[in-house]
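Only one structure is covered here, and it is reproduced in the block below.
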Amino acid sequence: MGLEPDAKVEEAGGEHPPALRATPFEGGLVGALRAIPFAGGYFRIAGASERGARLFFAACASTSMLIVLLIFLFLFKEAVPFVSKPGLSDLAGTRWVPVSFQHELFGILPLVLGSLLVTLLASVLAIPFGVGAAIYIAELARPAEREFLKPCIEMLAAIPSVVLGFFGLVVLAPLVKAVFHLSTGLTALSGAILLALMAAPTIISIAEDAIRSVPRSYREASLAMGATHMQTVWKVTTPAALSGIVAAVMLGMGRVVGETMAVLMVTGNAAMMTLSPFDSVRTMTATIAAEMGEVTFGSTHYQALFWVGITLLFATFILNMVAQRVLRKYQRS
Amino acid sequence: MVTNTHADVQVSDLNFFYGAVQALHGITIDIPEKQVTALIGPSGCGKSTFLRTLNRMNDIIVGTRAEGRVLVRGANIYAPGTDVAALRRRVGMVFQKSNPFPKSIFDNVAYGPRLFGVRGRNELTEIVEKSLVRAGLWAEVKDRLPASAMALSGGQQQRLCIARALAVGPEILLMDEPASALDPRSTAHIEDLIGELRENYTIVIVTHNMQQAARVSDITAFFYEGHIIETGPTQTMFTTPTQKQTEDYITGRFG
């Protein structure tokens, strides 16, 4: 009913009466009062549901923030007693021996080093492999090849990491052992290869999108100058897609840093201070996953594991920040 | 204005197909050396397609096919075993929409020379300066060569693209509506530039703008539905065309 006068005015093609223009949204008692006879009620209901919807979405948005805060709080709450009892300096030790009859040691450096080594190795393997595959699919493959390759890569992404871990244990580790003549195939390298396989689908599909979205005109300009297809790919298309490729790599590695299952299964889980790809290592994630289930609630070991978690959290946090920086820098230029 | 120099490009009986659709029918035309040849005609008449057959840029479109002969300085560019990259180096191209690379001004112009093995900084600098001078852009950019090419105005970008094309030392320059996306001042700038470039280069230009064709070209070819209807000295074409269709198009009765 409230809208009827309005509709008539529209039909007549005339201007809105001044009262209609003054909706309650303009604020002020006068505006609100003037609006009532025409559309005040209607607008008020709309206003209420608008506010409700706004609140709902705001709640959704702040929930994630709240959860991050709670996680931080929880982590620190559980970890804090460690500060006074063995002392934080114990964490900087080079040996992780959490269960011992004589003297327990909670040095997380070998775990940090293990994570670092596996992640770096995985990047070294995944970046050229992933970007190369992306360039092939985006620029060189025939349409039929593309149609075949893309689902294959998506399938690789769908393999659960435990299953990939099986593959690593049964196929990859013996292979690494045989090829490099090692005493065991459960090494940092084996873990890195698995992680590279996990990061590859993300890197490939995002980098491919980035390469394909490079304007055709760049390619044409290069070809028209007498560049070959390969020169064009190498000197024009890939550099122009660089921001997207960097984003692809960062996202791919993001998936890898926090990965637990596969590395737990194939890296050998020896907490050693080493930088050799052929040694067994133990990552932070694998340590938490392996030991959390058996640790005595509230014990020093339990608190130390929380410190490992905090360290991991900060590592990913910093990695994310650096990634954002890099991305912004490339986008600007 | 028209002098009888020898033909730089001789096209005879050229047919061109996009899949099953024939876009060019029996095109035969001589393009004279160091003159400006304008290709005019309504949209979709095949003039851009024809332009792109001269440096085989249509090759990059899947499913296209050319029949007939295109001689560039006597050699058939559609002969088997033709080095297409080498051809495109000799037959440069400027596109309708300026398309500088997202690199610095210097790197844009140096792109071609670097591809062909020029490495020395001094030599590159020299080529870049010479090309920018020829494209009439040097004075405006000489103090900011390391700046991004994307920061230039549309007209400047188009002249940068011309400089980039000149940097590899082409003999022939193909221009596909090079000024259609530019404001009148930049257009005038490009037209003046074409006048200067014809001293050294054979130029083929596609244009929708009749006045532009009349102003810049020595020879005009009128395309219609994939055929060349009429070719001749620009002055004759615009004053006393022999074909009714040509006259109708030029006087604006259709198209």
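The values are calculated or read from the model by the stated rules, or taken from the named source; none is laboratory data. Predicted model only: the values in this text are computed from it and were never measured. Counting neighbours? That spans all protein chains shown, and the Cβs are built from the backbone with ideal geometry, glycine included.
Need pairs with beta-carbon distance below 6 Å; first residue under 20 Å from A:Phe167 (Cα atoms) and of a type outside the set (S, T, N, Q) and within region A:248-264, second at pLDDT 85 or above and not in a helix (DSSP H, G or I); sequence gap 6+ or separate chains.
Pairs found: A:Val263/A:Thr283.
Mind checking whether some residue in region B:39-54 is within 14 Å of chain A (Cβ to nearest Cβ), surrounded by 14 or more Cβ atoms within 10 Å (Cβ to Cβ) and free of Cβ contacts under 8 Å to residues at least 60 places away in the same chain?
The initial filter retains those residues of region B:39-54 that are within 14 Å of chain A (Cβ to nearest Cβ), namely B:48, B:51-54.
Still in the running and surrounded by 14 or more Cβ atoms within 10 Å (Cβ to Cβ): B:48, B:51-54.
When the remaining residues are screened for being free of Cβ contacts under 8 Å to residues at least 60 places away in the same chain, the result is B:53.
Yes; the residues of region B:39-54 include at least one that is within 14 Å of chain A (Cβ to nearest Cβ), surrounded by 14 or more Cβ atoms within 10 Å (Cβ to Cβ) and free of Cβ contacts under 8 Å to residues at least 60 places away in the same chain.
Please work out if B:Leu174 is touching a strand residue (DSSP E or B) at 6+ places or on another chain (Cβ under 9 Å) and not in a helix (DSSP H, G or I).
Working: touching a strand residue (DSSP E or B) at 6+ places or on another chain (Cβ under 9 Å): yes; not in a helix (DSSP H, G or I): yes.
For B:Leu174, the condition - touching a strand residue (DSSP E or B) at 6+ places or on another chain (Cβ under 9 Å) and not in a helix (DSSP H, G or I) - is met.
Quickly run through region B:101-126 and pick out the residues that are facing chain A (nearest Cβ under 9 Å), charged (D, E, K, R) and part of a helix (DSSP H, G or I).
Of everything in region B:101-126, just one residue is facing chain A (nearest Cβ under 9 Å), charged (D, E, K, R) and part of a helix (DSSP H, G or I), namely B:Arg114.
Which is small (Gly, Ala, Ser), under 30 Å from A:Glu154 (Cα atoms) and within 14 Å of chain B (Cβ to nearest Cβ), of A:Ala241, A:Ala221? Break it down into steps so the answer makes sense when it comes.
Details: A:Ala221 fails: under 30 Å from A:Glu154 (Cα atoms).
Being small (Gly, Ala, Ser), under 30 Å from A:Glu154 (Cα atoms) and within 14 Å of chain B (Cβ to nearest Cβ) holds for just one of A:Ala241, A:Ala221, which is A:Ala241.
Looking at A:Thr287, A:Thr283, A:Thr260, which one is polar (S, T, N, Q), at pLDDT below 90 and surrounded by 17 or more Cβ atoms within 10 Å (Cβ to Cβ)?
Values: A:Thr287 fails: at pLDDT below 90; A:Thr283 fails: at pLDDT below 90.
Exactly one residue qualifies, and that residue is A:Thr260.
Considering every residue within region B:228-236, establish whether at least one is touching a strand residue (DSSP E or B) at 6+ places or on another chain (Cβ under 8 Å), under 28 Å from B:Tyr111 (Cβ atoms) and not aliphatic (A, V, I, L, M). Lay out the reasoning, then the answer.
Filtering region B:228-236 for residues touching a strand residue (DSSP E or B) at 6+ places or on another chain (Cβ under 8 Å) gives B:228-234.
Narrowing the set further to residues that are under 28 Å from B:Tyr111 (Cβ atoms) leaves none.
No, region B:228-236 contains no residue that is touching a strand residue (DSSP E or B) at 6+ places or on another chain (Cβ under 8 Å), under 28 Å from B:Tyr111 (Cβ atoms) and not aliphatic (A, V, I, L, M).
I need a count of the residues in region A:176-212 that are more than 15 Å from A:Ala270 (Cβ to Cβ) and outside any helix (DSSP H, G or I).
Of the residues in region A:176-212, 1 are more than 15 Å from A:Ala270 (Cβ to Cβ) and outside any helix (DSSP H, G or I).
Of (1) aromatic (Phe, Trp, Tyr); (2) within 11 Å of another protein chain (Cβ to nearest Cβ); (3) in a loop (DSSP other than H, G, I, E, B), B:Tyr78 satisfies all except one. Which?
It fails just one condition, (2).
Yes or no: A:Ser123 assigned to a helix (DSSP H, G or I) and modelled with pLDDT of 90 or more?
Values: assigned to a helix (DSSP H, G or I): yes; modelled with pLDDT of 90 or more: yes.
In short, yes.
Quickly run through region B:134-157 and pick out the residues that are closer than 24 Å to A:Leu223 by Cβ and within 12 Å of another protein chain (Cβ to nearest Cβ).
B:Ser148, B:Ala149, B:Met150, B:Gln157
For B:Ser180, indicate whether it is over 17 Å from A:Ser217 (Cα atoms) and either of a type in the set (Ser, Thr, Tyr) or surrounded by fewer than 17 Cβ atoms within 10 Å (Cβ to Cβ) (or both).
The answer is no for B:Ser180.
Pairs, please: C-beta under 7 Å, at least 6 apart or cross-chain, first residue surrounded by 13 or more Cβ atoms within 10 Å (Cβ to Cβ) and in region B:235-250, second acidic (Asp, Glu)?
Cβ pairs passing all conditions: B:Met237/B:Glu230; B:Pro241/B:Glu230; B:Pro241/B:Glu247; B:Gln243/B:Glu230; B:Thr246/B:Glu230.
Only one of A:Pro143, A:Pro215 is within 14 Å of chain B (Cβ to nearest Cβ), modelled with pLDDT under 90 and more than 26 Å from the chain's Cα centre (by Cα). Can you tell me which? Write out each step before concluding.
Working: A:Pro215 fails: modelled with pLDDT under 90.
Of the residues listed, the single one that is within 14 Å of chain B (Cβ to nearest Cβ), modelled with pLDDT under 90 and more than 26 Å from the chain's Cα centre (by Cα) is A:Pro143.
Being crowded, with 18+ Cβ neighbours inside 10 Å, out of contact with any Ser or Thr (no Cβ under 7 Å at 6 or more places or on another chain), facing chain A (nearest Cβ under 10 Å) and polar (S, T, N, Q) narrows it down to one residue among B:Ser98, B:Ser131; which is it? Give the derivation first.
Working: B:Ser131 fails: facing chain A (nearest Cβ under 10 Å).
One residue alone meets the criteria, B:Ser98.
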